[in-house]
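Worksheet: one structure, shown below.
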Amino acid sequence: MSILGNRVLRVEDPKFLTTGGVYGDDLSIEGALWVTFVRSTSAHARIVGIDASGALGMPGVVAVHSGEDLAGGPGAPAGTTPLPLIPAGAPIPEAMARPAIADRTVRFVGEIVAAVLTERRELGEDAAEAVVVDYEPLPVVLDPEVAAGDGTLLFPDHGTNVAIDLSAAPGDDTFAGCEVVVEQRVVNQRVAPCPLEVRTAAAWWADGGGRLTLSASNQHPHGAKAALAGLYGLQPEQVRVVVPDVGGGFGAKIGLYPEELVLPWLARAAGRPVRWTETRTESMLSLGHGRAQWQRVKIGGRRDGTVLAYRLEVLQDAGAYPSIGAFLPFLTKMMTSGTYAIARVEFSSKAVVTNTDPIVAYRGAGRPEATAAIERAMDLFAAEIGMDPTDVRRRNLVAEDAFPYTNGTGTVYDSGDYARALDLALEASGYQELRAEQLRRRESGDHRLLGIGVSTYVEVTNGDGTGEWAKVEVLPSGRAKVYTGTSPQGQGHATAWAMVASEQLGIPVEDIELVANDTDLIPSGGGTMGSRSLQAGGLAVHEAAVELVEHARKRAADALEAAPADVVLDRAEGVFHVAGTPAVSVSWSALAQQAAGASSGAGLSVERSSSPPGPTFPFGAHVAVVEVDSETGAVRLERIVAVDDAGTIINPLLAEGQRHGGLAQGAAQALLEEVRYDEDGNPVTANLADYAMISATELPSFELVAMVTPTPLNALGAKGIGESGTIGSTPAVQSAVVDALAHLGVRHLDMPASAERVWRAMAGAV
């Protein structure tokens, strides 16, 4: 009987629910100094001077380092070498590269201007405040539309604020023949990832300063290793990255930031280990933000609901230093037309720099922005022609028999049944009954306005189609270990990978241990991001386990004096025997002991690197129901019904957990979350009292509807599930709020749908 598809309880949880996890801040590092960063209080300014004398005279302060020190200036400690600019990656202009510590110009509030090293953690904050920085203010640019005009340049040597330009001129006849054309400016606002565990890291040198170890809360240990080796001119074997338990990442912890990258330099300068843990305010200021796209949608078609043309123009706010955020429009472009078969599709984008925290990947990373745009456009088009938005969607969905399907921007979808997902969601929500209740309330003048929002979505997971490394090893005890290049942060890899291995080996899940997050034990790995883990890492575990069984079968055949083809694995008993004669058998334990004796201690093992033929495309449909108080503008989310098809599901319990988290984050963006700055570039949402992160109080119980359409692209039939909930729920909730106000004349409302924004929309409606 197959274990796959069963609701197996997470093997990770007993530790977290009893003794607790071991996070970076829990580590005991002998002799370590604490690092506290002095951060810019100006959004854009020249650094005229830094006076650290006050801090250096305080008890327990060991050193204060500025950007001039890192650049090899006169204050640089003996034995240290200049630290080059942190590369942003091609094709980001070199002129926009970021220094680890600002040495001439600061470009956002929170940028590092100095590092203070103290003997004890609590001494750092007062010492940092004693460092006096003299700033010469420069003009501040916060609005990406203003930045695109190049009136004030953040990088004068580059000559423009545009980091990446994918501009494309509109076609002359794109909207020819359209009976109806609708345009709308849409803001997909800046949000903060808010992982429960803030960033934390430690660095130390060994072997006479020739080998570096970094411990960090990170989603991609091997990427961190490569970055450190490149920055410090080290060979790969000279760098070890260890990741302890990670309390959330959501994309923001994929890469290393200047804070982590400068720690090895500080450790070398001090001749001692150094460590750092950010505060929540630091996290809100300088942990990368997400989204921040200014969009213009234009959609046209016939009055029967057929969409003929769609154009999406994107202005991506990249923040002060362009990194992965500047690349997000590439992913938005891939998914421009969503689930719809639209004959003419156009995409154009620019990524510009502003005096704000840099944008990074945040759960969905470019794909939620594409879905939000096309779903908003579909609602606007439906409203313009007076048709139910679900009918417009159904008329334009890609047909079930069209797969593999190439969308309007050249992206090839692997498999799907979009109409069925929509029908399941509508049926489960009681859509017609909801519309009837909405009409009743409107006719009665009820101040509790009912809104129903619908979205369909398709997204890309494991977008670059990369594979993953894994090793499966059976120990002499009969237990097994799975080594993986993925980097779990709560997704349940220990459970899922054990289930995948157990399916082939017949060894119980509880007897299989996961090994991850240590680059000395794992030779390569792609980390965990982009919903890639199961289809890349899980596939590698599956392939290694299959090969290991075949390898063990040959060994068992020798022991049983039989032909390998005649030997079978009884997975229920965990033994090999000749087919038809189970009385004589050989166990996994015996085979592993034999292998250990022959190889001086190693058990039976097989390594594999998976090679998926390409990315996969999960899809689904969401229905959101909201209640809006017409007297106050307050919005209450009443229901979310979600169909999320991610192909074969290994463990429904894990998948549902991913869906729940995604739905919560997606609804949070629609209703509450927004990073805001004042006109001088000072963050006004710098803590969780001012930044409205969602809680259970604002959420209903989610109604999850199952649907499975396996992908033909891997042996598991699995697609990604980690970001689906975030992608479908945001436009559904936003549409529900707009729908509640539609009879008052409101056609569009940017997120978040705060009570004030809703009230003003009602007051200004015509």
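The values are calculated or read from the model by the stated rules, or taken from the named source; none is laboratory data. As the structure is a prediction and not an experimental result, all values here were calculated from the model. Cβ: placed from backbone, ideal geometry, glycine included. Neighbour counts: every protein chain shown. These area figures cover heavy atoms from the full protein model, side chains too; ligands, DNA and RNA do not enter into them. Shrake-Rupley method; radii C 1.70, N 1.55, O 1.52, S 1.80 Å.
Name the residues in the stretch 517-541 that are in a loop (DSSP other than H, G, I, E, B) and open to solvent by 30 Å² or more (accessible area, probe 1.4 Å), would you?
520, 521, 523, 524, 529
Can you name the residue in the stretch 559-572 that is touching a residue at least 24 places away in the same chain (Cβ under 8 Å) and within 14 Å of residue 549 (Cβ to Cβ) and is also least open to solvent (accessible area, probe 1.4 Å) among such residues?
569
Scan the stretch 682-724 for residues that are under 26 Å from residue 198 (Cα atoms), open to solvent by less than 20 Å² (accessible area, probe 1.4 Å) and either touching a strand residue (DSSP E or B) at 6+ places or on another chain (Cβ under 6 Å) or not in a loop (DSSP other than H, G, I, E, B) (or both) and jot them down.
Matches in the stretch 682-724: 720, 724.
In the stretch 286-300, how many are open to solvent by 10 Å² or more (accessible area, probe 1.4 Å) and out of contact with any Pro (no Cβ under 6 Å at 6 or more places or on another chain)?
Residues flagged as open to solvent by 10 Å² or more (accessible area, probe 1.4 Å) and out of contact with any Pro (no Cβ under 6 Å at 6 or more places or on another chain) within the stretch 286-300 amount to 2.
Go through the stretch 334-363 and count every residue that is charged (D, E, K, R), under 23 Å from the mean Cα position of the chain (by Cα) and open to solvent by 20 Å² or more (accessible area, probe 1.4 Å).
The number of residues fulfilling the criteria is 2.
Show me the strands (runs of 3 or more DSSP E) found entirely inside the stretch 15-81 where at least 2 residues are open to solvent by 80 Å² or more (accessible area, probe 1.4 Å) and touching a strand residue (DSSP E or B) at 6+ places or on another chain (Cβ under 7 Å).
In the stretch 15-81, the matching strands (runs of 3 or more DSSP E) lie at 45-51.
Picking from 587, 630, 609, which residue would you name as being surrounded by fewer than 19 Cβ atoms within 10 Å (Cβ to Cβ), touching a strand residue (DSSP E or B) at 6+ places or on another chain (Cβ under 7 Å), of a type in the set (Ser, Thr, Tyr) and within 23 Å of residue 737 (Cα to Cα)?
Sole residue among the options that is surrounded by fewer than 19 Cβ atoms within 10 Å (Cβ to Cβ), touching a strand residue (DSSP E or B) at 6+ places or on another chain (Cβ under 7 Å), of a type in the set (Ser, Thr, Tyr) and within 23 Å of residue 737 (Cα to Cα): 630.
Tell me which residues, restricted to the stretch 1-33, are in contact with a Pro (Cβ under 8 Å, 6 or more places away or on another chain) and among the aliphatic types (A, V, I, L, M).
Hits for the stretch 1-33 are 22, 27, 29, 32, 33.
For the stretch 92-148, enumerate the residues that are among the aliphatic types (A, V, I, L, M), surrounded by 17 or more Cβ atoms within 10 Å (Cβ to Cβ) and under 20 Å from residue 190 (Cβ atoms).
Hits for the stretch 92-148 are 92, 96, 106, 109, 140, 141, 142, 147, 148.
Does the stretch 91-98 contain at least one residue that is out of contact with any His (no Cβ under 8 Å at 6 or more places or on another chain) and outside any loop (DSSP other than H, G, I, E, B)?
Checked against the condition, which is being out of contact with any His (no Cβ under 8 Å at 6 or more places or on another chain) and outside any loop (DSSP other than H, G, I, E, B), the stretch 91-98 yields at least one hit.
Taking residue 3 as meeting all but one of (1) more than 22 Å from residue 282 (Cα to Cα); (2) crowded, with 17+ Cβ neighbours inside 10 Å; (3) of a type outside the set (D, E, K, R); (4) under 26 Å from the mean Cα position of the chain (by Cα), write down the number of the exception.
(4)
Any residue that is β-branched (Val, Ile, Thr) and at pLDDT 95 or above - is there at least one of those in the stretch 691-702?
no
Take the stretch 725-741 and flag every residue that is among the small types (Gly, Ala, Ser) and either open to solvent by 30 Å² or more (accessible area, probe 1.4 Å) or closer than 13 Å to residue 623 by Cβ (or both).
Correct list: 728, 729, 732, 735, 736.
Considering each of 473, 427 in turn, give the residue that is part of a helix (DSSP H, G or I) and open to solvent by 10 Å² or more (accessible area, probe 1.4 Å).
Exactly one of 473, 427 is part of a helix (DSSP H, G or I) and open to solvent by 10 Å² or more (accessible area, probe 1.4 Å), namely 427.
Cβ-Cβ distance below 7 Å, separation of 6 or more or different chains: which pairs start in the stretch 393-419 with a residue that is closer than 18 Å to residue 309 by Cα and part of a loop (DSSP other than H, G, I, E, B) and end on one that is of a type in the set (Val, Ile, Thr) and modelled with pLDDT under 95?
Cβ pairs passing all conditions: none.
If you take the residues of the stretch 168-195 that are charged (D, E, K, R) and assigned to a strand (DSSP E or B), which of them is most open to solvent (accessible area, probe 1.4 Å)?
Checked the stretch 168-195; the qualifying residue most open to solvent (accessible area, probe 1.4 Å) is 183.
Looking at (1) under 21 Å from the mean Cα position of the chain (by Cα); (2) open to solvent by 10 Å² or more (accessible area, probe 1.4 Å); (3) of a type outside the set (Asp, Glu), which one does residue 642 not meet, given that it meets all the others?
For residue 642, the failing item is (2).
Return the total of residues in the stretch 320-335 being in a loop (DSSP other than H, G, I, E, B) and in contact with an Asp or Glu (Cβ under 8 Å, 6 or more places away or on another chain).
Count: 2.
I'm trying to understand the selection: among the residues of the stretch 150-195, which are closer than 30 Å to residue 491 by Cα and among the β-branched types (Val, Ile, Thr)?
Result: 191, single match.
Output the qualifying pairs, or none if there are none: Cβ atoms under 6 angstrom, residues six or more apart or on different chains, first residue in the stretch 92-107 and of a type in the set (Asp, Glu), second residue crowded, with 17+ Cβ neighbours inside 10 Å.
Going by the 6 Å Cβ cut-off, the qualifying pairs are 103/67; 103/68; 103/71.
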